Each structure stands twice: as structure tokens, then as C-alpha cells.
Amino acid sequence: RGPLDGEEAQPQVHRNALIMFASKVTGKVIEDQDDYWPIFVILEALLTFILWVIGATSEEEFFSAKAGLDSIFPGRTNMATHQDCADLRFQVWRWLTYQFSHSGLSHLGLNIFMLLVVGIRLERYHGHWRTLVIFNLGVICAAFNFAVIDGHASLIGMSGGVYALMGMTFGSLILNWHDTRYRRPELFMLVLLFLLDLAFAYFDSTSADSETSHSAHFGGYAAGVILGVLVGRNLDEEEQIQHAKTLRCERILQGIFASTGAVALLLVFAWMAQWPPRTLSDTTPWCWNRQVFNQSMFPDEFRYHCVRCQDQQCISMFEAMPNTEKVSFRICQQAGWSYSQ
């Protein structure tokens, strides 16, 4: 039989398909640098899964249980800037601990799946410490962006860290463009995933029922890109003689990314310093909201009205009313606020 018949044909077809998407590389190739075992990624996945299972076993609905570290320390580990008008901004452990709780098995499973798919390859190339640091700094930066854009809500899940690893992949591609054999297909997939997430974010923004925090995703992704460029493994540094000119350009790029990251952090801290909290989409400051039925105050319509306050005097006024109930601020955003202090 011929050389492409039967069992020998299949591998040859696969090799030809891969060659078609490959780009020329001189020197070290990033796809060949599998120097580390993915210890951090596996431990992070196991720890998060075990904490969720421990918490979910005590819940009536196991598969949809909100569980994890928050089950052990209820209300003290989720990311939040305030609970009514109790100021939580200085409980800095929340910036990290919220990653260890999830709102159901599907939420947990998707995050672990993405962590393994993206993280194993990254850790095998960049090493344990780089991956660990960028993942957790991504979790923190996701919390910062969440506080600025969606600061009246609360946040759980490790998707900020997962998106940081996705951003790290893009940052690594920037640094190692000429050392990556399949750079163009990889760039295409990264851009496609980013655009899909933007589309999901747009459609979710029209729903009051959405619990997906795209602001955290974007914060983690941006942190991953910047940190991937600043501290990611760079094959050009390991072959400095051959890539001296490229390294000079990369140093300039790293300076730009470092400056951008520093300015972004300063703006975030300045925004979070404001009290009562506010968001970019709604700059009215408030820390307490309820729905109120009071025909004396709202005589035109026979219904509940959304109200919000920023100090105790306002809160006491509405708490003294007989028909005052809790309501999601997202519902009020959709329906409109009838009273803002």
C-alpha cells in the first residue's frame, strides 16, 4: 500500500494541517518549553472544589448551593464594599477570599474547567510562582474593577483569576510573538473569546436577573495582560544576543504598561475613597435601598416605590414607615428610583 494509505495517512494529514497554521520561528519555541508541573493550578482547583463540597453538603439544594469558604465564615469572605451602610472597604481580606465560594456546581465547574484549560499550559511555561502571583493579583484587580463598576453588589467566584490567566496568555503572546509557532491562530482565538465576552456582557446588562460579573472579568483580564507583559517569562531574555533590538522595544512597551497599570490603580483607589459608594454608571452616592408603599409620599401611583439613602436620618425616616421591604437594587435600576437622598 502507499505511504498515505490506512494507518499512516491520519498522522500525516494532522501534521499537514498544523504546518499550514504554523509561523517561522528561529531559536527557542514557546510550545516546546514545558519546564514545570502545573502544581498551583491543580491545588487551586482542588482546594476550591473541596471547600464548595464541604459547604454544599449542608444545603438543601446541593447542586445549586452557594457554598465554599463563605459557608464556614458566613458573610465575611465575599467581595463587597458595603452591607447597607456598614462600610466594608477596609476588610481587605475580602479582595482575595471571595474566590473560594461559588453559587452552584455549574458556576464552580465552569471556573475549574477554564482554570485547567488555560492554566496548565501557562504554568508549564511560566512556572509556579509567576502563575500563582498573577492569578491572585488578577483576583484582587477584578475586585477593584467590580467595586468601581458594580460596587453595590457582592461578588464570589474565582473567575477574576481565570480571566487574569487568559489575559496573561495575551501578554505572553505579545512578549513572545516571534517565539510562538502558532501565534496567529492563538491571537485569533484570544480576540474571538474577548469579543464573545463583550457580547455576553452587553446582553446581560439588559437583564435584572443576571448574576455574572463582567466587570470582574474585565478587571482580571486587564491585570493579566499588564502583568503578563511586565513579569511573564520572555524567551528573548534567554537569547539576548540574538534579540537585543527586540528587547529594547519590549522594555519601552513594559514601561508603557507599568505606567498604565499604576495610573489605573490610583484612579481606583481615588474612586473607592468616596463614601457613600457610587458606580461609574450611576454616580449618585447611596448605601441603603428598600421598596416602600406610602401613598402620602407617592400619591400618584398605587404601587411600591424604590428609595435609596446615604445617611442614618434618611434610613430612619423610611424604617419608621409600615410598608418598607427589602428589594434588589438591580430591580430598582430597571424600574427607576422614586426617591434618592
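The values are calculated or read from the model by the stated rules, or taken from the named source; none is laboratory data. Being a predicted model, the structure only gives us computed values, none of them experimental. As a convention, Cβ positions derive from the backbone with ideal geometry for all residues, glycine included, and neighbour counts pool all protein chains shown. Protein only, heavy atoms only, side chains kept; ligands, DNA and RNA dropped before computing areas. Shrake-Rupley method; radii C 1.70, N 1.55, O 1.52, S 1.80 Å.
Go through region 250-279 and give me each residue that's touching a helix residue (DSSP H, G or I) at 6+ places or on another chain (Cβ under 7 Å), among the polar types (S, T, N, Q) and within 18 Å of Arg89 (Cβ to Cβ). Result: Thr279, single match.
Residue count for region 240-281, restricted to those that are touching a Phe, Trp or Tyr at 6+ places or on another chain (Cβ under 7 Å) and without any contact (Cβ under 8 Å) to a residue 60 or more places away in the chain: 0. Within this structure, Val263 passes the test of being out of contact with any strand residue (DSSP E or B) (no Cβ under 8 Å at 6 or more places or on another chain) and among the hydrophobic types (A, V, I, L, M, F, W, C). Out of all the residues in region 290-340, which are among the aliphatic types (A, V, I, L, M), under 26 Å from Asp87 (Cβ atoms), under 33 Å from the mean Cα position of the chain (by Cα) and in a helix (DSSP H, G or I)? Residue satisfying the conditions is Ile331 alone. Phe298 meets the conditions (1) open to solvent by 30 Å² or more (accessible area, probe 1.4 Å); (2) more than 27 Å from Asp150 (Cβ to Cβ); (3) touching a strand residue (DSSP E or B) at 6+ places or on another chain (Cβ under 9 Å) in every case but one. The failed one is (1). Condition check for Ile331 on (1) more than 16 Å from Asp282 (Cβ to Cβ); (2) among the hydrophobic types (A, V, I, L, M, F, W, C); (3) open to solvent by 70 Å² or more (accessible area, probe 1.4 Å): one failure, at (1).
Taking (1) more than 29 Å from Gln33 (Cβ to Cβ); (2) open to solvent by less than 20 Å² (accessible area, probe 1.4 Å) in turn, Thr169 satisfies each apart from (1).
When region 32-67 is filtered for residues that are in contact (Cβ under 8 Å) with a residue 24 or more places away in the chain and more than 26 Å from the chain's Cα centre (by Cα), the ones remaining, listed by number, are Gln33, Asp34, Asp35. Taking the criterion of being free of Cβ contacts under 8 Å to residues at least 24 places away in the same chain and open to solvent by less than 40 Å² (accessible area, probe 1.4 Å), the residues of region 68-118 that qualify are Gly75, Leu88, Gly109.
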